[in-house]
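Notes to accompany the following structure.
The values are calculated or read from the model by the stated rules, or taken from the named source; none is laboratory data. Predicted, not measured: the structure shown is a model, and the values here were computed from it. Here the Cβ positions follow ideal geometry from the backbone for every residue, glycine too, while neighbour counts run over all protein chains shown. All accessible areas refer to the heavy atoms of the entire protein, side chains included, with ligands and DNA or RNA removed. Shrake-Rupley method; radii C 1.70, N 1.55, O 1.52, S 1.80 Å.
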Amino acid sequence: MKQEKEIIYFITGNNHKFNEIKKLFQKEELVYDLKQKTAATIEIQASSIKEVALFKLNSVNFLFSNSYFVEDAGFFIDVPLKGFPGVYSKFVLNTIGNKGILKLITDYWSTAAHFEAVIALYFQPLDKIFIFEGSVEGKVSKEIRGTSGFGYDPIFIPNELPNTTFAELSTEEKNSISHRAKAWQKLLSFLREHQ
Ligand code: IMP
């Protein structure tokens, strides 16, 4: 076990994401300290969230001599939109928003959707890149509900809590089932094994 705390940077400009992860990290007895860092990353349009995350990680690889990671997520409406917006999640949210999404599926009674999160970590002690993935299944709400969280949270109802949208949950509740938390738990196990 190492004596001094090693800093791991989470490269993100999204404070919501950082706070979700920071809460989980604080519960752990690790020799790693988590810090947020913003950097000009390159976000490509690719066919999978994993590709986007890997490219983003590599776009900042000249910056640090520490370990660092990026996280990318996507919202997939499997029924009836065959996975849309998926890798276009950011663009679609910024253009038509949750209201526009609900309009697209207004004629469908039954829906299925999921979130995916991919963490791409550059782990300095091994000079290697590692990937951690998580997902959560659910459906699309009939209306926008709730004020916590961000992004598509107000229209996503997880299967585990079928009466609430993600935006009606506290950070702790969202963390107990979310795509990001699942990916993050895998990263935490990795860090526990490498200290
Ligand atoms: P990003 O590229 O990982 O930041 O995410 C792509 C899009 O999905 C952005 O518009 C985010 O707001 C949205 N998004 C990412 N994670 C979540 C989440 O946990 N809940 C709701 N929306 C999310």
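Placing +1 on the Cβ of every Lys and Arg and -1 on the Cβ of every Asp and Glu, with no other charges, gives the chain a dipole of roughly 260 debye about its Cα centre.
Ignoring ligands, DNA and RNA, please state the percent of accessible area on segment 109-195 from carbon and sulfur, probe 1.4 Å. Could the numbers behind the result be given before it?
Values: 1970 of 3890 Å².
Exposed carbon and sulfur together represent 50 percent of the surface.
The orientation-averaged projected area of the convex hull spanned by the Cα atoms of the chain comes to 10.7 nm². The chymotrypsin sites (Phe, Trp or Tyr not before Pro) of segment 91-160 meeting both criteria, a DSSP state outside H, G, I, E and B (loop) and at most 11 other C-beta atoms within 10 angstrom of the site's C-beta, are TRP109.
Using only the Cα atoms, what convex hull volume per residue in Å³ does segment 17-105 have?
On the way: hull volume 11.3 nm³, N = 89.
Spread over its residues, the Cα hull of segment 17-105 gives 127 Å³ apiece.
Placing unit charges on each Cβ (+1 for Lys and Arg, -1 for Asp and Glu) gives segment 6-193 a dipole about its Cα centre, and among ILE131, SER141, GLN185 the Cα reaching farthest toward its positive end belongs to SER141.
If R0 is 41 Å, what FRET efficiency do you get for SER47 and LYS5 from their C-beta distance, rounded to 0.05?
Working: r = 38 Å, r/R0 = 0.93.
Computed FRET efficiency for SER47 and LYS5 comes out at 0.60.
Between VAL31 and GLN185, residue separation times 0.36 nm minus the direct Cα-Cα distance comes to 53.8 nm. The simple Förster model, with R0 at 25 Å and r as the Cβ-Cβ distance, assigns GLU143 and LYS23 a FRET efficiency of 0.30. For segment 17-82, the set of chymotrypsin sites (Phe, Trp or Tyr not before Pro) satisfying both a DSSP loop assignment and a count of at most 14 other C-beta atoms within 10 Å is given as PHE62.
When ligands, DNA and RNA are left out and all protein chains stay put, how many square angstrom of accessible area per residue does the chain have with a 1.4 Å probe? Mind showing how you got there, number by number?
Details: 10020 Å² over 195 residues.
Per-residue value: 51 Å².
With a 1.4 Å probe rolled over the protein heavy atoms of all chains, the accessible area of ARG145, ARG192 falls in the order ARG192, ARG145, largest first.
Go through LYS17/LYS50; LYS37/LYS139; LYS50/LYS99 and tell me which ones have a Cα-Cα distance over 23 Å in this structure.
Details: LYS17/LYS50 17 Å; LYS37/LYS139 33 Å; LYS50/LYS99 27 Å.
Among LYS17/LYS50; LYS37/LYS139; LYS50/LYS99, the Cα-Cα distance tops 23 Å for LYS37/LYS139; LYS50/LYS99.
Between the Cα long axis of helix 15-26 and the first principal axis of the chain there is an angle of about 50°, rounded to the nearest 10.
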